[in-house]
Each structure stands twice: as structure tokens, then as C-alpha cells.
Amino acid sequence: MKVCVFCSSSNNIADRYKQSAFRFGQYLAEKGMTLVFGGATGGLMDAVAEGAKSGKGEIIGVIPEVIIKMNRLSALPTQQIIVNDMSERKKRLKQESDVFVVLPGGFGTLDEMFDVIASGTVGEHRKPLICINEDGFYSKLLDQIERMQTECFTPKNQNYKPVFVATPEECMEQISNLHTNK
């Protein structure tokens, strides 16, 4: 199973998030799952890839040329896919993956997450999306999603819904259940 992880590349975030991302990468490797990620250095991207690497896991990095030009190409992937731009990166990440996981992140992470939700909503894919709401990181976003549903900006009975969990361990359990039922 190939698990795509969307997450922050910022180095200025709290260590607790990096430690969780590292543990998550280790878990993927221990379970024989392939990590698919943005292929860049920094922050949670490094942490999750380092965790997978420490467990001798397979790692696919998908990185656009613009980020390579910024000297942010990660040396951790066992396979690196270079694409032209950020839009192509999102498309390729979706193609390469069986399930998506969202760790805490910034605008890029939200863009990737919403792209997966929007494309799933219109039926382009049926791949699960699990968001880790660690320390309530996405709680305000959950409030906004609820408001969008209440005010009928999104269907009340959506055919594609992300799953929000509180911890990396709960996410790991969700993925294990998917992997077992596959």
C-alpha cells in the first residue's frame, strides 16, 4: 500500500510535530507500506521520510523543478519523481497513492488536502483521506467545514468525506484496517 503524506516543510515548528511525523514514517516502514511525499527537505517532510528510512522503508518523492532550484531536493527517497510544477506534483501524488494522510501543515498542505477532497467529491477517485488533528491543529477547520455544511455550501450527505483523527496512532489504526481489508 502506498501512503501519501501531506505535511509542512517548515523547520520552525514545534519538535512534538516532528517526533510524531518520524514515528508515523517508522510505522509505515514497519508495516511494509510505501511512503509517498513531496520530496523536499525540511520540517515534517524530513521527519516522516527519516522515520521511513530508519525502518528501511520504500520512499517515493514527487518534487517540482522549482523546489529543486531552491536547493530543497531530499536525498531520502528510494525513488524520486521530478515534475514540472506544483499542479503536476499534486496530480502525480494522487496517481501514485492508495491513501492520503494529512499531518499539520501550511498553505501547501491545505491546498493538497482540499484538492484530494474536491477531486474525490466529483468522483475522480475513491481513495481515503485521513487528517490528523493533533493537539487540535485542525479544529477551527472542522468548525468551518461544519458551517459550510450547515449553510448548504457543501452537501450534507457528501459521497466523499475526509476522516479526522486525533493522533498518529489512530491514523495508523485506520490505515491498518484499510490494509487488512484490501
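Applying the criterion of being of a type in the set (S, T, N, Q) and exposed (fewer than 13 other Cβ atoms within 10 Å of the Cβ) to the residues of region 166-182, the residue that is modelled with the highest pLDDT is ASN177. Please verify whether LEU178 is under 17 Å from PHE6 (Cα atoms) and under 17 Å from the mean Cα position of the chain (by Cα), treating the condition exactly as stated. Taking the combined requirement at face value, the residue does not satisfy it.
When ALA21, ALA49, ALA29 are checked against the criterion of being under 13 Å from the mean Cα position of the chain (by Cα), under 24 Å from PHE164 (Cα atoms), without any contact (Cβ under 8 Å) to a residue 60 or more places away in the chain and buried (at least 16 other Cβ atoms within 10 Å of the Cβ), ALA49 stands alone in meeting it. If the condition is being assigned to a helix (DSSP H, G or I) and either at negative phi or open to solvent by 90 Å² or more (accessible area, probe 1.4 Å) (or both), then region 130-147 contributes GLU134, ASP135, SER139, LYS140, LEU141, LEU142, ASP143, GLN144, ILE145, GLU146, ARG147. Against the numbered list (1) over 19 Å from VAL5 (Cβ atoms); (2) in contact with a helix residue (DSSP H, G or I) (Cβ under 9 Å, 6 or more places away or on another chain); (3) at pLDDT 95 or above, GLU112 comes up short only at (1). Within region 148-165, the residues that satisfy the criterion of being open to solvent by less than 50 Å² (accessible area, probe 1.4 Å) and either among the acidic types (Asp, Glu) or assigned to a loop (DSSP other than H, G, I, E, B) (or both) are THR154, GLN158, TYR160, PRO162. Applying the criterion of being part of a strand (DSSP E or B) and of a type in the set (A, V, I, L, M) to the residues of region 88-104, the residue that is surrounded by the fewest Cβ atoms within 10 Å (Cβ to Cβ) is VAL99. Scanning region 66-87 for residues that are open to solvent by less than 70 Å² (accessible area, probe 1.4 Å) and either in contact (Cβ under 8 Å) with a residue 24 or more places away in the chain or assigned to a strand (DSSP E or B) (or both) gives ILE67, ARG72, SER74, LEU76, PRO77, GLN80, ILE81, VAL83. Based on what the data block shows, is PHE107 within 23 Å of MET45 (Cβ to Cβ), of a type in the set (A, V, I, L, M, F, W, C), open to solvent by 60 Å² or more (accessible area, probe 1.4 Å) and in contact (Cβ under 8 Å) with a residue 12 or more places away in the chain? No: the conditions fail for PHE107.
Quick one: would you say ASP135 is among the charged types (D, E, K, R) and closer than 17 Å to VAL36 by Cα?
So ASP135 fails the test.
The values are calculated or read from the model by the stated rules, or taken from the named source; none is laboratory data. In this text, all values refer to a predicted model and were calculated from it rather than measured experimentally. Quick reminder, even Gly has a Cβ in these numbers, built from the backbone with ideal geometry, and neighbours come from all protein chains shown. The protein model used for the area step is the full one, side chains on, heavy atoms only, and it has no ligands, DNA or RNA in it. Shrake-Rupley method; radii C 1.70, N 1.55, O 1.52, S 1.80 Å.
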